[in-house]
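Trainee: If you scroll down you'll find the structure; I have some questions about it.
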Amino acid sequence: MSQVDSGRAGSGRRAPARVAKRGTGQNQTGAGWLFVSPMLIILGIFLAIPIVMALWVSFTDWNGRGNPFGSRVNFVGAENYTSLLTEQGLSRQDFMLSMRNTFYYVLGVVPVQTALALLLAVIVNQKFLKGRTFFRTAFYFPSVVSSVAISLVFVYLFTGTGAINTILSKVGVIGPNWLDDPRGVIHIIGEKVGLWSIDAPPSALASTEVMNLSLWEWFKGPSVALSTIMIQVIWTTAGTFMLMFLAALQDLPAEVEEAAMVDGANRRQRFMNVTVPHLRPTIFLVLTLGIIGTWQVFDQMYVMTQGGPAKTTLTPAYLSYAAAFRQQQWGEGAAIAFILFALIFLLTSIQRYLLRDKDEVAKKKATKAQAKAAKAKGALA
Amino acid sequence: MSRQVRTLAICLAGGIALSACGGGGFKDDNASPSAPASASGPVALQMLIASSGDAETAAVKAATDAWAKKTGNTVTVTVASDMNQQLAQGFASGKPADVFYMDAGRFADYAKQGSLYAYADQLKDNGDFYESLRKTFTYEGKQYCAPKDFSALALIINTDAWSKAGLGDGDIPKTWDDLATVAKKLTTDKQAGLVLGTGIDRAGAFVVQNGGWWLSEDGTSATAAQPGVSEAMAYVQKNNKEGIFKFNNQVSAGWGGEAFGKGLGAMTIEGNWIKGAMKNDFPNVKYVVAELPEGPKGKGTLMFTQCWGIAADSKAQAQAVDLVSSLTSVDQQIAFADAFGVMPSRQAAADGYKTKFPQDAAFIAGGAYGHGPINVPGMEQVISDLNSKLENFAGANLADVLKGFDTNAGSALGK
């Protein structure tokens, strides 16, 4: 009885309230826009407008002087894009080289940094580890230091007569001339196992050209110089991603783990079947950030190698900078940036598709199938 | 929902329109006037320099302050951290620095862009600047700016290694054959006879000595495959293969000077900047400087230089030109030489410089027969491609590389 009463009273109260809400609704929307407007304006001025302008520049012959929307600037259609993608020439050669280099770079850096970050996070997350805070700080430290400063240190460590080679020589290994060595890792391995000689590559590979580069060049692997940069980047970024994994690990309820223990799961099984599935969203985040970050790599090349030796550390981001600021080819520089954007977008979408939650997809599929079946039944009836 | 999206779209579109019409950041360019823009009254000039260090910055500031005091104007000197980027920002905004350092290798691209004001004809004694320097800063038949100073390559010889190999004062190489002979005598297990920096900025000196150049005289066609260039490159490659010439990347050194200082090479070919490096990093290495040997077509070296650029968009060009003439006077050039070791770009200052720095005679002699860098627009990419292919000099297929340069340069020149 009283329940019904209170219910009625409630609904009675609610009705006028709804009317009142309607009245302030407009104001609230307006106020909402007002509150977000500083952010929108800032994003617009520093993000949206520059992107639109760069897109425009990529379709013009703007030479860097005066307004890109001025009367002297000509619209050239997709010319900047075709010179990078379809025309035989230096621009396409350099662009393809940068794509090759970065492909190997991403392939090397992303899996290793993700695995290393996960490993570090699991280690640091051990409850019985002494000095956890120290290790956490130590692992995270490279991430908070400027990448330019770290790059400079690495240049000194990895010179031909630097600390790394001195240590290596102590144990009887003659280290390569790290940052000046353009030989590809796959080429070196092939030579070591006797597949080929770098000075006289197999003619079938060397004489077939695809997009301005011979197959021999395409299958070069990262150069020793690029590998050195990869080592540095993995060391630097693993700490950042460790922190993300650590946060997710600390979210994992202890009961779940204990339940798995009760069920008789061993360490490995607990990790593979409890921890990793729980970390799926974090793994997705880390991989996405990793792929985006690695394709855009610039600082290290700018500080350490300027694209050399023999263009083996040329990357699209550095090439875009060089085209614009050094060669005054602003349209081409902008075009490289947009091709890179499209590529990253595509790769992230593919990765999103591959890492989707399969249970959820299956469930969705099942409901869809059910609905279909019901519909079919209805049609039959 | 759809209303929100629409509002957002309007906001963004409005923002773009505002910034485009507002025109705060960019200037719609108009044709550069030939008569200097002359602001009346005292002007405030902005100067952008790429300084080699405190000594240079202080010297430039002192010189500009003196001019400012005399004329009643003011000059603000800014040291660029990234010259390319800061210049580009200035030119795009329409408010560049009035006066700035302009590198010879970059010059043509900016001249073509229309960012530079051609004022050389207004200078007194313009003919006194070395001819090759004036040529370096000439685009489409017009000399744009006044050469600030220059450097030239010469042969740097380690005196200890020299006497250890049993060589005397009379053995200083005069020809290519001499150079190969002494390099052979100087070569030991740990030391190459001659160490060269990679790229055409060093090996190119041999091209000049052989009477060749990468481009034709008028800069309209590429000529690297012709004997003038290819024979010179072949000479270097032959000696490189024999191990008596080595490149800095073969001996794990950053540049020729480092290899020379560390004793990895008994001779090197570098410019006058090596003096500072030797003094700071290798004070115990004794060396002498000699002119480069003559090639089949006579003497030749490479010159590196910068000029005092004045912006086409400057509002006070007349004052800027006046400032530049005071900065390029003979006395001022000697003062700069004293302060940070550059060589004067005026021939009239050469004698004064030689008396002050007798050990630099070999460097400054290059002014008479040296060649400036390639100064045609759009060549940056082509040159860096050539240099990257010459990194492994001994293994390079020179004929292919030079032909490739001609093809790439040809299409760059056609643009």
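The values are calculated or read from the model by the stated rules, or taken from the named source; none is laboratory data. Computed from a prediction, not measured in an experiment: that's the story for all the values here. Positions of Cβ are generated from backbone atoms using ideal geometry, with glycine treated the same way; all protein chains shown enter the neighbour counts. Just so you know, the surface numbers come from the protein's heavy atoms only, side chains and all, with ligands and any DNA or RNA stripped out. Shrake-Rupley method; radii C 1.70, N 1.55, O 1.52, S 1.80 Å.
Trainee: Please determine, by comparing only the residues of the range B:203-239 that are assigned to a loop (DSSP other than H, G, I, E, B), without any contact (Cβ under 8 Å) to a residue 60 or more places away in the chain and not small (Gly, Ala, Ser), which one is farthest from B:ALA154 (Cα to Cα).
Mentor: Ranking the qualifying residues of the range B:203-239, first place goes to B:ASP218.
Trainee: Anything in the range B:311-345 that is in a helix (DSSP H, G or I), under 22 Å from the mean Cα position of the chain (by Cα) and free of Cβ contacts under 8 Å to residues at least 60 places away in the same chain? List them, or say none.
Mentor: B:VAL330, B:ILE334, B:ASP338
Trainee: Name the residues in the range B:269-316 that are crowded, with 19+ Cβ neighbours inside 10 Å and among the small types (Gly, Ala, Ser), would you?
Mentor: Matches in the range B:269-316: B:GLY271, B:GLY295, B:GLY300, B:GLY309, B:ALA311, B:ALA312, B:SER314, B:ALA316.
Trainee: Give the range A:290-321 a look and list any residue that's of a type outside the set (Ser, Thr, Tyr) and in contact with a Gly (Cβ under 7 Å, 6 or more places away or on another chain), or say none. Talk me through it step by step, then tell me what you get.
Mentor: Initial filter on the range A:290-321 (of a type outside the set (Ser, Thr, Tyr)): A:290-293, A:295-301, A:303-304, A:306-311, A:314, A:316-317, A:319.
Within the range A:290-321, A:MET301, A:LEU314 meet the criteria.
Trainee: If you check A:LEU157 against the conditions, is it open to solvent by 40 Å² or more (accessible area, probe 1.4 Å), within 14 Å of chain B (Cβ to nearest Cβ), without any contact (Cβ under 8 Å) to a residue 24 or more places away in the chain and closer than 19 Å to A:GLY308 by Cβ? Outline the logic, then answer.
Mentor: Numbers: open to solvent by 40 Å² or more (accessible area, probe 1.4 Å): yes; within 14 Å of chain B (Cβ to nearest Cβ): yes; without any contact (Cβ under 8 Å) to a residue 24 or more places away in the chain: yes; closer than 19 Å to A:GLY308 by Cβ: yes.
Criteria met by A:LEU157.
Trainee: Does any residue of the range B:152-174 turn out to be under 30 Å from B:GLN46 (Cα atoms) and charged (D, E, K, R)?
Mentor: No, because not a single residue in the range B:152-174 is under 30 Å from B:GLN46 (Cα atoms) and charged (D, E, K, R).
Trainee: Here's something else I'd like to know. For B:PHE336, which of the numbered conditions (1) more than 29 Å from B:THR220 (Cβ to Cβ); (2) surrounded by fewer than 18 Cβ atoms within 10 Å (Cβ to Cβ) fails to hold?
Mentor: (2)
Trainee: Just the residues that are closer than 14 Å to B:LYS142 by Cα and charged (D, E, K, R), please, taken from the range B:78-130.
Mentor: Result: B:LYS112, B:ASP121.
Trainee: Evaluate the range A:123-145: report whether one residue or more is surrounded by fewer than 18 Cβ atoms within 10 Å (Cβ to Cβ), touching a Leu at 6+ places or on another chain (Cβ under 7 Å) and either touching a residue at least 24 places away in the same chain (Cβ under 8 Å) or farther than 14 Å from A:MET242 by Cβ (or both).
Mentor: Yes; the residues of the range A:123-145 include at least one that is surrounded by fewer than 18 Cβ atoms within 10 Å (Cβ to Cβ), touching a Leu at 6+ places or on another chain (Cβ under 7 Å) and either touching a residue at least 24 places away in the same chain (Cβ under 8 Å) or farther than 14 Å from A:MET242 by Cβ (or both).
Trainee: Here's another thing I want to ask about it. So A:LEU118 fits all but one of (1) away from chain B (no Cβ under 14 Å); (2) outside any helix (DSSP H, G or I); (3) surrounded by 15 or more Cβ atoms within 10 Å (Cβ to Cβ); what number is the exception?
Mentor: Of the numbered conditions (1) away from chain B (no Cβ under 14 Å); (2) outside any helix (DSSP H, G or I); (3) surrounded by 15 or more Cβ atoms within 10 Å (Cβ to Cβ), the odd one out for A:LEU118 is (2).
Trainee: Any idea which residue in the range B:380-409 is most open to solvent (accessible area, probe 1.4 Å), counting only those that are in a loop (DSSP other than H, G, I, E, B) and within 9 Å of chain A (Cβ to nearest Cβ)?
Mentor: Result: B:ASN392.
Trainee: Separate question: Those residues that are of a type outside the set (Gly, Ala, Ser) and within 12 Å of A:VAL286 (Cβ to Cβ), I need them from the range A:236-273; list them, please. Explain how you work it out, then say what you get.
Mentor: Going through the range A:236-273, the residues of a type outside the set (Gly, Ala, Ser) turn out to be A:236-237, A:240-246, A:249-253, A:255-258, A:261-263, A:266-273.
If the condition is that a residue be of a type outside the set (Gly, Ala, Ser) and within 12 Å of A:VAL286 (Cβ to Cβ), then A:THR237, A:THR240, A:PHE241, A:MET242, A:LEU243, A:MET244, A:PHE245, A:LEU246 are the ones that fit.
Trainee: Something else about it: For the range A:334-381, enumerate the residues that are of a type in the set (Asp, Glu) and either closer than 30 Å to A:PRO50 by Cβ or surrounded by fewer than 10 Cβ atoms within 10 Å (Cβ to Cβ) (or both).
Mentor: First pass over the range A:334-381, keeping only residues of a type in the set (Asp, Glu): A:357, A:359-360.
Residues satisfying the conditions are A:ASP359, A:GLU360.
Trainee: Can you tell me which of (1) open to solvent by less than 40 Å² (accessible area, probe 1.4 Å); (2) within 22 Å of the chain's Cα centre (by Cα) is the one B:GLY263 doesn't meet?
Mentor: Every condition holds for B:GLY263 apart from (2).
Trainee: Please go through the range B:253-274 and give me each residue that is within 14 Å of chain A (Cβ to nearest Cβ), in contact (Cβ under 8 Å) with a residue 12 or more places away in the chain and in a loop (DSSP other than H, G, I, E, B), ordered by number.
Mentor: B:ALA253, B:TRP255, B:LYS262, B:GLY263, B:LEU264, listed by residue number.
Trainee: For the range A:306-342, which residues satisfy the criterion of being of a type in the set (Phe, Trp, Tyr) and within 13 Å of another protein chain (Cβ to nearest Cβ)?
Mentor: Our first condition is that a residue be of a type in the set (Phe, Trp, Tyr); within the range A:306-342, this holds for A:318, A:321, A:325, A:330, A:338, A:341.
Listed by number, the residues that qualify are A:TYR318, A:TYR321, A:PHE325, A:TRP330.
Trainee: Taking only pairs six or more apart or across chains, which ones have beta-carbon atoms under 7 Å, a first residue in the range B:346-360 that is touching a residue at least 24 places away in the same chain (Cβ under 8 Å), and a second residue that is in a helix (DSSP H, G or I)?
Mentor: Matching pairs, first to second residue: B:ARG346/B:ASP128; B:ARG346/B:VAL330; B:ARG346/B:GLN333; B:GLN347/B:ASP128; B:ALA348/B:ASP128; B:ALA348/B:VAL330.
Trainee: Looking at (1) part of a helix (DSSP H, G or I); (2) surrounded by fewer than 19 Cβ atoms within 10 Å (Cβ to Cβ); (3) more than 30 Å from the chain's Cα centre (by Cα), can you tell me which one B:TRP162 breaks?
Mentor: Of the numbered conditions (1) part of a helix (DSSP H, G or I); (2) surrounded by fewer than 19 Cβ atoms within 10 Å (Cβ to Cβ); (3) more than 30 Å from the chain's Cα centre (by Cα), the odd one out for B:TRP162 is (2).
Trainee: Anything in the range B:349-368 that is open to solvent by 50 Å² or more (accessible area, probe 1.4 Å) and within 24 Å of B:LYS61 (Cα to Cα)? List them, or say none.
Mentor: B:LYS356
Trainee: In the range A:100-113, what residues are open to solvent by 30 Å² or more (accessible area, probe 1.4 Å) and of a type in the set (A, V, I, L, M)?
Mentor: Once the filter is applied, which keeps residues that are open to solvent by 30 Å² or more (accessible area, probe 1.4 Å) and of a type in the set (A, V, I, L, M), the range A:100-113 yields A:LEU107, A:VAL112.
Trainee: Another question, then. Take residues that are open to solvent by 30 Å² or more (accessible area, probe 1.4 Å), modelled with pLDDT under 90 and among the hydrophobic types (A, V, I, L, M, F, W, C) and tell me which of the strands (runs of 3 or more DSSP E) falling wholly in the range B:35-142 contain 1 or more.
Mentor: Values: elements: B:44-49, B:74-79, B:99-103.
No strands (runs of 3 or more DSSP E) qualify here.
Trainee: Can you tell me which residue within the range A:69-88, out of those that are free of Cβ contacts under 8 Å to residues at least 24 places away in the same chain and within 13 Å of chain B (Cβ to nearest Cβ), is surrounded by the fewest Cβ atoms within 10 Å (Cβ to Cβ)?
Mentor: Kept after step one, since they are free of Cβ contacts under 8 Å to residues at least 24 places away in the same chain, are these residues of the range A:69-88: A:69-75, A:77-78, A:82, A:86-87.
From the residues that got through so far, the ones that are within 13 Å of chain B (Cβ to nearest Cβ) too are A:69-73, A:87.
Details: A:PHE69: 16, A:GLY70: 16, A:SER71: 10, A:ARG72: 16, A:VAL73: 21, A:GLU87: 14.
Residue satisfying both the conditions and the ranking: A:SER71.
Trainee: Considering only residues that are polar (S, T, N, Q), farther than 17 Å from B:PRO36 by Cβ and within 20 Å of the chain's Cα centre (by Cα), look in the range B:80-132 and name the one that is farthest from the other protein chains (Cβ to nearest Cβ). Lay out the reasoning, then the answer.
Mentor: Initially, the range B:80-132 is screened for residues polar (S, T, N, Q), giving B:81, B:84-86, B:89, B:93, B:113, B:115, B:122, B:126, B:132.
Adding the requirement that they be farther than 17 Å from B:PRO36 by Cβ leaves B:81, B:84-86, B:89, B:93, B:113, B:132.
Now drop any that are not within 20 Å of the chain's Cα centre (by Cα), which leaves B:81, B:84-86, B:113, B:132.
Details: B:SER81: 12, B:ASN84: 5, B:GLN85: 5, B:GLN86: 10, B:GLN113: 5, B:SER132: 24 Å.
Residue satisfying both the conditions and the ranking: B:SER132.
Trainee: Does the range A:47-64 include one or more residues that are modelled with pLDDT under 90 and under 15 Å from A:ALA334 (Cα atoms)? Break it down into steps so the answer makes sense when it comes.
Mentor: Within the range A:47-64, the first condition is being modelled with pLDDT under 90, and the residues that meet it are A:63-64.
Going one step further and asking which of them are under 15 Å from A:ALA334 (Cα atoms), we end up with A:63-64.
Yes, the conditions are met somewhere in the range A:47-64.
Trainee: Can you tell me which condition B:THR71 does not meet? The list is (1) within 13 Å of chain A (Cβ to nearest Cβ); (2) out of contact with any helix residue (DSSP H, G or I) (no Cβ under 6 Å at 6 or more places or on another chain); (3) under 15 Å from B:ALA320 (Cβ atoms), and all the others hold.
Mentor: (1)
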